[in-house]
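Below you'll find the structure, written out as structure tokens, and then a few comments.
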Amino acid sequence: MKKLLGFLVLLSLVFVIAACNDSETSGGDSDGGGEEASGKVEIFSWWTGAGEEDGLLALIDLFKEKNPDIEIENAAVAGGAGTNAKAVLATRMQGDDPPSTFQVHGGAELNEGWVAADKMEPLDDLYKENEWMDKFPEELIDLVSSDGHIWSVPVNIHRGNVMFYNMKVFEENGIEIPTTFDEFFEVADKLKAAGITPLALGDKESWTATQIFENVLLGVLGPDDYKKLFAGEISLDDAQVVEAAEKFKKFLGYVNEDHASRNWQDSAQLVANGEAAMINMGDWAKGYFVNDLNMETNKDFGYFAFPDTEGEFVVITDTFGLPKGIENPEEVKKFLTVLGSVEGQDAFNPLKGSIPARVDADLSKYDQYGKDTIEDFKNARLVPSLAHGSAAAAGFLTKVNQAVNIFVTQGDVDNFIEALKNASSEM
């Protein structure tokens, strides 16, 4: 009898240990309501390129330093502006297999996409716990808010209306920085005559050309009408839009012939080696120039606002939120807390080439470009980016990208305007 009782006790202990082990590996309830956590955070992004990957890895290292018991999975998917990553994310979200947290642009991409689809958890309490409400600009919090709740944490600010240029090319050809469209076209003609490509473009992925178009739109319409255009208050066949399309066509006459076979990094290399003079790219290009091509800011390359957009700032903000249905919400919140901290933002942004989303970051960690951009962000008129999903819904942007892709090849203004007008049903 004693042997039998001993065996039953031992068997009970085995079941208890097995249950504990199963709980530790399963990560708790699938709806995120359990107390147990998986011990692993999957970070889904499209940061695989130069500069941006450096920033992400620095952020991950900082998180590991503060949370050594939590495993990080870097689930980045290559593709400029998230072209491929967004398709993978959509499949996973629709299949109820969300990553722990994922990169999403603040604005329409977040609010009219995943929030409207009821796929995100609100982060109001996280903001209160970390006392963030006065650490991020009010307009920025508005960009990641809807229905009275805050849905994601901004890690950075990028400026989309920047021209980077090769300083040696400008100096050797006696080029002054162009501030207007007319000045740009004069400079471009001079460079073209000297055998230099005026404007580098790599539109293997069409967002790069769409970014040029949105900046031309801003230059023609100004910030107020630009916002009205994407609010549906100005028609997409308005005379101002037609004028912008015609100017956009003229810009495209100055790009490299092999643009369709290049991505943005490939086109940036043309500027770096002096084959091309300028490139319109978000300031992630600055991180690429410095970190990967070993170029020096304000010595090898310079920067200026896209013609006719001085005093205006096209905002692109990368954010991360808390998807519904994940197994480890508390651990994800720890990652979001690091991401939203001064230390986290100052580890990430100098490498990425962006500026911090917080207003209290350490300016000493940023080069002159960063300091200039931080100052511009405080004082400029802010407008959302179309090309990066902040200004309008994803369905509209998809059709605009398609229209731009055709326009770059065919150059038919009338057909382009008609395509834009037809796309307005998706706004």
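Here Ala108, Ala116, Ala76 are screened, and the one residue that is farther than 22 Å from Phe313 by Cβ and open to solvent by less than 60 Å² (accessible area, probe 1.4 Å) is Ala76. Here is a check on your reading of the model: is Glu139 at pLDDT below 95 and assigned to a helix (DSSP H, G or I)? The answer is yes for Glu139.
Within region 40-55, restricting attention to residues that are at negative phi, surrounded by 21 or more Cβ atoms within 10 Å (Cβ to Cβ) and not charged (D, E, K, R), the residue that is farthest from the chain's Cα centre (by Cα) is Val41. Restricting attention to region 383-408, the residues being under 17 Å from Ala244 (Cα atoms) and open to solvent by 60 Å² or more (accessible area, probe 1.4 Å) number 2. Only one residue in Ser146, Ser206 is out of contact with any His (no Cβ under 9 Å at 6 or more places or on another chain), polar (S, T, N, Q) and at pLDDT below 95, so which one is that? After ruling out the rest, the residue left standing is Ser206.
Within region 238-281, the residues that satisfy the criterion of being within 24 Å of the chain's Cα centre (by Cα) and of a type in the set (Gly, Ala, Ser) are Ala260, Ser261, Ser267, Ala268, Ala272.
Conditions tested, residue by residue: (1) closer than 30 Å to Gly195 by Cα; (2) among the charged types (D, E, K, R).
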position	(1), (2)
Gly79	no, no
Ala85	no, no
Asp96	no, yes
Trp114	no, no
Ala117	no, no
Met133	no, no
Val155	no, no
Glu172	yes, yes
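Glu426 passes every criterion in (1) under 26 Å from Asp118 (Cα atoms); (2) open to solvent by 20 Å² or more (accessible area, probe 1.4 Å); (3) within 19 Å of the chain's Cα centre (by Cα) apart from (3).
Closer than 17 Å to Thr319 by Cα, out of contact with any Cys (no Cβ under 9 Å at 6 or more places or on another chain) and touching a residue at least 40 places away in the same chain (Cβ under 8 Å): does that describe Ala90? No; evaluated as a whole, the condition is false for this residue. All conditions but one from (1) within 21 Å of the chain's Cα centre (by Cα); (2) open to solvent by 30 Å² or more (accessible area, probe 1.4 Å) apply to Glu330; the one that does not is (1). The condition of being in a strand (DSSP E or B) and modelled with pLDDT of 95 or more holds for Gly321.
Taking the stated definitions as given, is Gly174 open to solvent by 10 Å² or more (accessible area, probe 1.4 Å) and either of a type in the set (Ser, Thr, Tyr) or part of a helix (DSSP H, G or I) (or both)? Judged against the criteria, Gly174 is not a match. If the condition is being closer than 20 Å to Gln103 by Cα and over 20 Å from the mean Cα position of the chain (by Cα), then region 126-155 contributes Leu126, Tyr127, Trp132, His149. In region 79-98, the qualifying residues are those that are farther than 9 Å from Phe44 by Cβ and charged (D, E, K, R), and the one that is most open to solvent (accessible area, probe 1.4 Å) is Asp96.
The values are calculated or read from the model by the stated rules, or taken from the named source; none is laboratory data. Predicted, not measured: the structure shown is a model, and the values here were computed from it. Ideal geometry is used to build each Cβ from the backbone, glycine not excepted, and the neighbour counts take in all protein chains shown. With ligands, DNA and RNA removed, areas are computed over all heavy atoms of the protein, side chains included. Shrake-Rupley method; radii C 1.70, N 1.55, O 1.52, S 1.80 Å.
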